[in-house]
Amino acid sequence: MSVLIVGSTALDSIKTPKAQNPRLLGGSASHAAIAASFFAPVRLVGVVGEDFPKAYLQLYRKHKIDMEGLQIAPGKTFHWSGEYEVNMNNRRTLATELGVFETFTPRLPAAYQDSPFVLLANIAPGLQHHVLDQMRRPRLVVADTMDLWLNIALPDLLKLLRRVDGFVLNESEARQLTQEDNLFRAAKKIHQLGPKFVIVKKGEHGAILSSRGGLFLAPAFPLEKVVDPTGAGDSFVGGMMGYLASAKGPIESNLHRAMVYGSIVASYCCEGFGVTATTRATRAGIEKRRRTLEKLTRF
Ligand code: AMP
């Protein structure tokens with residue numbers, strides 16, 4: 001089954017202690033779409049400017065991503081730049097240039113409106129609402145977010161939480177949203193805001209799921225070398241949604257496995273700048289990492 005993904009489609013300029021790379025293919029939707037494409041057909045909703053390199057459209061095509069919902073608008077593509085500190089866990093945003101995102105209104109092609117799986121990747125919550133308004137009864141809606149929206153669009157985000165099945169956020173966002181330091185309690189509090197399940201991402205320490213079935217802890221795939229973690233969170237949720245769309249049976253019984261697949265695709269993302277390592281992954285490689293992770297966590 002198809003996954004509809006809306007989010008940012010960006011050019012990212014990234015600086016790490018070891019290297020600097022300008023204008024890479026980035027954005028929450030790009031990372032999530034490529035990650036999901038290993039498991040299921042993907043429909044992309046976003047906007048890019050006339051400066052968006054053809055080679056990046058080609059990359060979407062390589063992953064068989066349906067681009068009917070990708071608008072090409074006059075102006076510049078959304079550009080984000082960030083810099084990592086030595087330990088690679090701390091990141092500073094250097095600049096955000098909205099470009100064509102400033103006037104973006106997501107318009108869903110008719111064929112997308114019946115998509116059974118919907119991922120509202122990180123983008124302004126108002127736009128996430130706008131996509132949901134155009135959908136007919138999806139089977140599963142999951143939303144991701146970032147600290148910026150907690151700071152400047154909290155009422156919209158709180159309204160969104162009442163419309164989604166699952167909500168994914170990172171640990172500092174979970175603490176900020178709930179004013180609760182303990183992540184298990186924070187997840188419980190977020191349930192009370194609406195979503196049936198909540199996933200708190202903890203970077204290299206994996207992710208916590210809190211759902212009706214209780215808690216589940218998904219490990220991160222251990223990496224000795226991290227080149228660029230930008231987009232790991234988006235790859236996690238993209239991989240997870242892709243797997244859910246491909247799996248048979250009730251969603252709740254596939255969720256744990258889906259998180260493990262999400263962790264694995266995220267590990268590829270960290271091994272290269274932008275999407276370079278993710279796009280080189282293969283389904284066989286993903287399965288090999290899954291078996292390794294199973295061995296490492298069985299007891
Ligand atoms: P992550 O590393 O998972 O937090 O995601 C990084 C991605 O988020 C980058 O590829 C950026 O292009 C994208 N991004 C950064 N700021 C924003 C924003 N304000 N809205 C949407 N996407 C953003």
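Where strands (runs of 3 or more DSSP E) fall entirely within segment 79-140, those with at least 2 residues that are modelled with pLDDT of 95 or more and touching a Leu at 6+ places or on another chain (Cβ under 7 Å) are at 79-84, 117-120. Taking segment 1-11 as the range and being open to solvent by less than 10 Å² (accessible area, probe 1.4 Å) and within 9 Å of the ligand (Cβ to nearest atom) as the test, the residues that pass are GLY7, THR9, ALA10, LEU11. Among the residues of segment 263-277, none qualifies, meaning not one is more than 24 Å from TYR56 (Cβ to Cβ) and over 18 Å from the mean Cα position of the chain (by Cα). When segment 141-153 is filtered for residues that are open to solvent by less than 60 Å² (accessible area, probe 1.4 Å) and part of a helix (DSSP H, G or I), the ones remaining, listed by number, are TRP149, LEU150. Would you say ARG23 is open to solvent by 50 Å² or more (accessible area, probe 1.4 Å), on the phi > 0 side of the Ramachandran plot and either more than 12 Å from the ligand (Cβ to nearest atom) or not in a helix (DSSP H, G or I) (or both)? So ARG23 fits the description; yes. Take the residues in segment 103-117 that are within 16 Å of the ligand (Cβ to nearest atom) and under 21 Å from the mean Cα position of the chain (by Cα); name whichever of them is most open to solvent (accessible area, probe 1.4 Å). The residue in question is THR105. When ALA33, ALA29 are checked against the criterion of being surrounded by 23 or more Cβ atoms within 10 Å (Cβ to Cβ) and within 11 Å of the ligand (Cβ to nearest atom), ALA29 stands alone in meeting it.
The values are calculated or read from the model by the stated rules, or taken from the named source; none is laboratory data. Keep in mind it's a predicted model, so treat the numbers as computed, not measured. Glycine gets a Cβ as well: all are built from the backbone with ideal geometry, and neighbour counts include every protein chain shown. The accessibility values were calculated without ligands, DNA or RNA, using every heavy atom of the protein model including side chains. Shrake-Rupley method; radii C 1.70, N 1.55, O 1.52, S 1.80 Å.
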